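These notes are about the structure you will find just below.
Every number here is computed from the coordinates shown, using simple stated rules; none is lab data. Quick caveat: nothing in here was measured; it's all calculated off a predicted structure. Positions of Cβ are backbone-derived with ideal geometry, glycine not excepted, and every protein chain shown enters the neighbour counts.
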Amino acid sequence: MQLNLDRTGLRAGSQTHLYPMSLAPAPGAMTVLLGATLAGKTTLMRIMAGLDRPTEGRVLADGVDVTGVPVRQRNVAMVYQQFINYPSMTVFDNIASPLKLRGESGIAEKVMAMAARLHIDHLVKRHPSELSGGQQQRVALARALAKNAPLILLDEPLVNLDYKLREELRDELSALFAEGRSTVIYATTEPGEALLLGGYTAVLDEGRLLQYGPTAQVFHRPSSIRVARAFSDPPMNLFAAARRPGGFELPGGVRVDRPLPAGAGDITAGLRAGALDVHEQPGHIALDSVVKLAEISGSDTFVHAETAAGEVVAQLPGVHRCTLDQRLRLYFDPAQTYAFGADGALLAAPGWLAAPAAGEAR
């Protein structure tokens with residue numbers, strides 16, 4: 001399905017839930033809606049599904065205006081973060097329910113095939129109350145996939161699962177949806193999850209669509225500081241910087257040789273946490289720091305430190321034992337820095353330099 005939102009917005013009295021936005025998710029692919037809580041992800045998905053009607057703009061499905069068409073008359077599947085299954089039905093009947101409504105043939109074979117794909121074929125005779133949280137969510141996903149809808153909406157479907165189950169199901173979802181033809185919309189608050197799922201990402205913030213495109217492109221070339229903040233975990237390190245010939249200068253007199261587009265005014269420099277290291281490399285810039293907090297998470301250590309340029313977070317591979325107020329020298333490659341203009345728009349990113357033509361809209 002080619003879904004198009006045409007200047008679609010939603011207001012309730014004086015409150016704006018969604019500012020007018022235009023979005024055409026890539027058909028037959030996964031689009032991730034990325035944003036913090038209350039960014040507008042669920043509201044947008046409800047409009048896509050037909051559960052809510054926008055107060056302005058249109059919703060088009062394959063060129064047909066479906067703005068006022070209720071959800072019952074649309075072929076849409078939706079999975080929520082809660083485990084929503086029919087409690088009085090077995091797993092088999094839960095998965096079969098959309099097929100029975102359409103009067104399809106060969107239901108038993110289709111249900112068992114779908115249950116096998118989600119590794120719950122041994123549970124088809126049980127009821128939801130007899131299942132774990134992960135198993136219940138697999139049932140909900142199986143029912144949505146069995147419907148074979150051209151549009152599948154997944155509203156943070158893994159958020160209530162433990163870490164191991166989330167990792168397992170996330171990998172399976174990517175494989176499952178890669179095999180189908182449905183347009184899949186997946187909402188998440190986690191930048192890491194968007195990167196793992198791949199496909200396309202739409203970044204939302206306070207009801208506004210900030211950027212949409214291939215996930216890797218949006219991550220590596222955020223169009224603004226707002227996108228960079230939303231699509232970074234831990235948050236991108238940002239510094240007020242002054243332009244200098246051939247580059248810019250961070251607070252504390254740290255000089256960074258970095259090509260920038262011609263222009264006036266100071267900039268905001270950015271550096272991802274993973275770009276900081278404790279090992280010196282030729283051409284890298286040193287930042288003397290004092291450790292304020294060190295957190296070990298999985299195979300990485302997150303070091304929060306104070307430098308002359310400002311507070312930073314460094315994501316260091318491996319386990320590093322750092323003590324409070326320990327002096328630590330950090331290094332970064334100047335080519336890995338970002339630069340944003342006074343208006344917040346991206347000027348330079350690693351491997352890319354903005355060079356808009358005269359009069360070009362930014």
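The figures follow:
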{"read-out": "Stretch gain in nm, segment Ser132-Asp233, where the contour uses 0.36 nm per residue and the Cα spacing is subtracted", "value": "33.4 nm"}
{"read-out": "For Pro150, net neighbour charge (Lys/Arg +1, Asp/Glu -1) across residues whose Cβ lies under 11 Å away", "value": "+2"}
{"read-out": "For segment 19-28, Karplus couplings with θ = phi - 60° (6.51, -1.76, 1.60), whole Hz, Gly/Pro x", "value": "7, x, 9, 10, 8, 10, x, 4, x, x"}
{"read-out": "Calculated [θ] (222 nm, deg cm²/dmol) that DSSP helices of n ≥ 4 give over the chain, each run adding -39,500 (n - 2.57)", "value": "-6500 deg cm²/dmol"}
{"read-out": "Rough spin-label spacing in nm, given labels placed 7 Å along Cα→Cβ, for Ala345 and Glu168", "value": "4.9"}
{"read-out": "Extension reserve of the Glu190-Ser297 stretch, reckoned as 0.36 nm per residue once the Cα distance is removed", "value": "37.0 nm"}
{"read-out": "FRET efficiency estimate (nearest 0.05) - Cβ-Cβ, Asp121 to Ala335, R0 41 angstrom", "value": "0.20"}
{"read-out": "Theoretical FRET efficiency, 1/(1+(r/R0)^6), r = Cβ-Cβ of Ala24 and Arg244, R0 56 Å, to 0.05", "value": "0.85"}
{"read-out": "Check: the chain dipole with +1 on Lys, Arg Cβ and -1 on Asp, Glu Cβ, in debye", "value": "860"}
{"read-out": "Neighbourhood charge, 15 Å Cβ-Cβ cut-off, centred on Thr8 and excluding it, Lys, Arg +1 and Asp, Glu -1", "value": "+3"}
{"read-out": "Pair Ala108, Asp277: separation of 7 Å Cα→Cβ label points (nm)", "value": "6.1"}
{"read-out": "Segment 53-146: GluC sites (Glu not before Pro) in DSSP loop, at most 11 other beta carbons within 10 Å", "value": "none"}
{"read-out": "Under 13 Å, Cβ to Cβ, from Pro27 - net charge with Lys/Arg +1 and Asp/Glu -1", "value": "0"}
{"read-out": "Assigned charges on the beta-carbon of Lys, Arg, Asp, Glu; segment 235-353 dipole about Cα centre (debye)", "value": "120"}
{"read-out": "Unit charges on C-beta of K, R, D, E only; dipole of segment 182-273, Debye", "value": "340"}
{"read-out": "Gaussian network model of the chain, springs between alpha carbon atoms under 10 Å - residue of Asp155, Asp205, Asp277 with greatest fluctuation", "value": "Asp277"}
{"read-out": "Candidates Leu346, Leu123, Leu33: whichever shows maximal mean-square fluctuation once the chain is modelled as a Gaussian network with Cα springs under 10 Å", "value": "Leu123"}
{"read-out": "Charge-dipole axis of the chain as Lys and Arg at +1 and Asp and Glu at -1 on Cβ define it, positive-most pick from Ala294, Ala349, Leu123", "value": "Leu123"}
{"read-out": "FRET E, pair Thr16, Met89, Förster distance 30 Å, beta-carbon r, rounded to 0.05", "value": "0.15"}
{"read-out": "Mean Cβ neighbour count within 10 Å, used as a protection proxy, ranking 132-139, 79-86 highest first", "value": "132-139, 79-86"}
{"read-out": "Prolate/oblate/rounded call for segment 105-191, Cα gyration tensor, a/c under 1.5 rounded", "value": "oblate"}
{"read-out": "Selected from Gly57, Leu260, Val227, residue furthest toward positive end of dipole (the chain; charges at beta carbon)", "value": "Gly57"}
{"read-out": "Trypsin sites (Lys or Arg not before Pro) within segment 189-269: DSSP coil, no more than 14 neighbouring Cβ in 10 Å", "value": "none"}
{"read-out": "Among Ile225, Ile267, Ile296, residue whose mean-square fluctuation peaks in a GNM of the chain (springs only between Cα atoms under 10 Å)", "value": "Ile296"}
